[in-house]
Amino acid sequence: MFQGRDVSVSHRVGFGSARSSGMGFLRVLLLVVAWHGGVLGRAWGGVTLHVSKLGDDTDGRTWATAFRTIQKALDSIPDALGGHTVVVRPDTYVEANLAPNRKGAAGAYNALVGDFDGRLGSGARGWCRIDSGDPEKGFKSWDWWSTIRASDKHWPHGNNQETFSSIVWDRWRLSRLYASGGDGGFFWDLTDKSGEEFTVEVEDCVGIGRAFGGGVVYPKVRPGEPSLFRRCYFLALDWVGDTAAVLLGGRETSMPEAPHAVFEDCTLVHPDNAVALSYASQCARAVFRGCRMIVLNFTQPEMGDRSTGILCTQGHGPGGRMHLDLEDCTLAGATLFTLGEAGKALSYTTRGVNRAYLQFKQTVPEGFERVGAWPTELFARMAPPREGQEIGTETGRPSLVKIPFAVPRAMENTPVVFQGRPLQIFNYRDDTKNNTDGYKDSMYLYGIDLTSGEQVTRFAEGHSFASAFVNGDELSVFASEGSNRDWFQSIYRFSTRDLKTWKRELAMERVGNEHLFNVSVCRDERGFVMAYESNLPVQFSFRFARSKDLSQWEPVPGLIFTGVSREYSACPVLRYHAPYYYVIYLHAPVAGGKELTSFLARSRDLAEWELSGFNPILTPGSGEGINNSDVDLFEWEGRTYLTYATGDQATWGAVRVATYDGPERDFFERHFPVGLPTVKADARVR
C-alpha cells in the first residue's frame, strides 16, 4: 500500500527528467569567471599578490613566492588603476596600522581577501587573524594603535608622531579577515582628509577593538557608493567616552540625503553603545538592515541613568545630527536611545519588524516591537564566530545528518510545535485506489505526538498533502481536496485549538482545470505568505498567495516559480527570515539521472530568486530509493529537524529525519556563503 504521491504524478516525474538543472557547463564556467573577476581583481589587468608565512617573501605572485606579511603586499600594489587583490593564507599575522600604497578605483576596487576555505589555493582553512597586540605582552591599547593606520600628531599622546589618513584605503574591499588586539578593528579615520569622499567595503569579517569594532569617520557622502559592511561581527571593549561597537561620523554640516554607510546582517556587541555618533562629527547617516545590536549595560535607572543607549548621541545637542534607517533589526540593552537633551540629536526611520529588548521601565517608541522574553537566539550570537566559522555561514556545506530511522508508508508531513509540544501532521491515502470510486474515501489526515508516539488527532477525511502552521494557540492545517477520478482539487484550511474540533474553510480555489497539491505557509511582516503547488503551467510549479488572517487568501499576481528554465519544481516548503524568503522544493533529476532531489532557493521579493550553490541539499542515500522529497522542517531546542520522504514515487515511500546542529535561520543562511556562485531564477510571468 503506497502512501506517496498519486501514481499518475509519479509516472510524469520520470518522464519529466530529461532536462538538466538548466545550468550547462558553459554557464557554470561563466559564473565562476564572473565571480573570480569580482573577487580576484579587474578583468585582464589587476594582479593577485599572495601572503603566506610559508612563502619565500620575494614577489608575492604565487603561493611559493608569497610575501610573509600583509603590509609588504599592501606596499607592492603596482598602479592606481584598481582591480588588484591581496590573498592571505589562514594564519596569525601580528601586524598593526596597515595601509596600502594605492587606492582602488571607481568600478575596480582593490581587495584584501582571506582564503578561509582554501578555495583560492593556499591549502589551508580557517581565519586569517590580524593581531595588533604585543606578541609577548598582549592587548595593545596605545592611542592610536589599530588594524587600520590613522593618526593625528595633534592628539596629545600615544602612537601619533605624524598625521596619517585612512583615506589611502579608499575603494578597497576586505573579506574574511579577523582583526583584534588594538584600539580599533575595522575602523577608518580620515583625520586631515576629513570631508573628502571615501568608500570601503567589508564582508564576512570580525572586527574587535578597545574603542571601536568597526566604522568610518569623517567622510563626505559619495552618492550611490556608501561604505558597505555585510555579514560582519563588531565588538568594542571600552565603555568610557567616545566608544561603540560601530562609530560613525560625517563632515557635512547638514544631514545628507544619502547614507555614509550601510550595514547588512551584522552583529554589534558593546558594553554600552552598539552605534554611536562620534564626538567630533557634524552629522552622520547610516542604514542598518537585518542587524543585531547587543549592549551589556542593563544598569538600573535608579543608579542615575548611567546607560547612554544602544543608539548613542552622547555629547551632542538636539538637531538630528545622526540619522539611522533601521530595517528588520533586533536591539538589546537598558535603553534604546541616549536619555535627555542629547537623545534629541538622533532621528530615525523604521521598516519591516524592528524589535527591542529593554529594561522593563523604559518605553518603546513608535516603530519598535517590545520583546518581553529573554531573546535566546540573539544572545547566542554575542560571541565572535569560532575558528573555521564564517559570519552567518559555515566555511563549507552545512552539515545535515540523516538519522537511521524511518516512518514507513508515509509521505507528505509537517512537524510543528503546538501548545508547547512537538507534533507531526501526516496524511494517509491508498494510492492503489487511484482512479476508482474508493480513492477519496481512503484519504485522511492525522497527528502524532512526537514525544509519546501516540496518535492525538484524526481529521479531514477526503483530503491529502498536509501542511501545518501554528499561530499562537491555533493550529492550521492546509490540504488539497481529493477526488476519485479528477485528481486533486482546491486547497482547504482546517483549524483547531484543541485537536478535537476542526473548522474547514476554502483557502485557495483552483482556477479552471488546474490541480493543486502541496502547500506551505509562513509569516512575514505583512501577514502570512503561502506557496502552493500546481500542475500548470509547468507540471509541477508553485504560486504564491497572501493573507492577513490565515482565512482569506489572495493570489500574488504575475508570479509562478518554474525553476531556472521552466522545469519541474514541486513540494515547496516556505520560510521567511528577514530579509529573505527561503524555499526548499523538489527538483527534477539532473544531468540525465534518475534521482529526485531537494533544492534550496532564496528571494527578497518572491520574484527574483537565487539557487544555493550547494544544491541539491538532499540526495537519496543507501536504502532511500530514488527520492528525497516533500521536505518540511522545524526548530526544537536550538536544533533544526528536516523531515523528508524517500521511496520510488510509485510503489513505496517512508518519512525520514535529518538534523542540523543549529537554529533554522542559520541553516538557511549558511547555504548562501559569500563567494559561492548562485544560479538565478525569475518567477515573474512574462
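Read the figures in this text as sums done on the coordinates, not as results from a lab. From a predicted model like this one, the values you see are computed outputs, not experimental measurements. Note: ideal-geometry Cβ built from the backbone for every residue, glycine included; neighbour counts use all protein chains shown.
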>> Taking the beta-carbon count within 10 Å as an exposure proxy, list MET443, MET382 from fewest neighbours to most.
In response: MET382, MET443
> What ranking do 211-222, 458-469 get when scored by the average of other Cβ atoms within 10 Å per residue, highest first?
Replying inline: 211-222, 458-469
>> Using a 10 Å cut-off around each Cβ, can you sort ILE294, ILE560, ILE148, ILE208 from fewest to most neighbouring Cβ atoms?
In response: ILE560, ILE294, ILE208, ILE148
>> In whole Hz and in residue order, list the ³J(HN,Hα) couplings for the range 166-172 that follow from phi through the Karplus curve 6.51 cos²θ - 1.76 cosθ + 1.60, θ = phi - 60°; x for Gly and Pro.
In response: 5, 4, 5, 8, 4, 6, 10
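In this model, which of LYS72/LYS193; LYS140/LYS361; LYS344/LYS548; LYS548/LYS680 are farther than 32 Å apart at the alpha-carbon?
Violating the 32 Å limit, Cα to Cα: LYS140/LYS361; LYS344/LYS548.
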> Order of 188-196, 490-498 by packing, highest average Cβ count within 10 Å first?
Replying inline: 188-196, 490-498
>> Just to confirm my numbers, what's the Cα centroid distance between the range 651-686 and the range 94-150 in Å?
In response: 33
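Once you keep just the Cα pairs under 8 angstrom separated by 6 or more residues, what percentage relative contact order results for the range 132-392?
12
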> What shape does the range 132-392 take by its C-alpha gyration tensor, where a ≥ b ≥ c are the square roots of the eigenvalues and a/c under 1.5 counts as rounded, a/b above b/c as prolate, and the rest as oblate?
Replying inline: rounded
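Given a Förster distance of 60 Å, report the FRET efficiency between LYS503 and ARG119 from their Cβ-Cβ distance, rounded to the nearest 0.05.
Working: r = 53 Å, r/R0 = 0.89.
Result of the calculation: an efficiency of 0.65.
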> Hey, can you rank 542-549, 521-528, 416-423, 565-572 by average C-beta count inside 10 Å, highest first?
Replying inline: 565-572, 542-549, 521-528, 416-423
> HIS154 to ALA258: FRET efficiency via 1/(1 + (r/R0)^6), r the Cβ-Cβ distance, R0 45 Å, to the nearest 0.05?
Replying inline: 0.90
> Considering every pair of different Cα atoms, what Kirkwood radius, in Å, is found for the range 404-449?
Replying inline: 12.2
>> Students often forget the sequence filter, so: which aspartates and glutamates lie under 14 Å Cα-Cα from LYS594 once same-chain residues fewer than 8 apart are removed?
In response: GLU624, ASP648
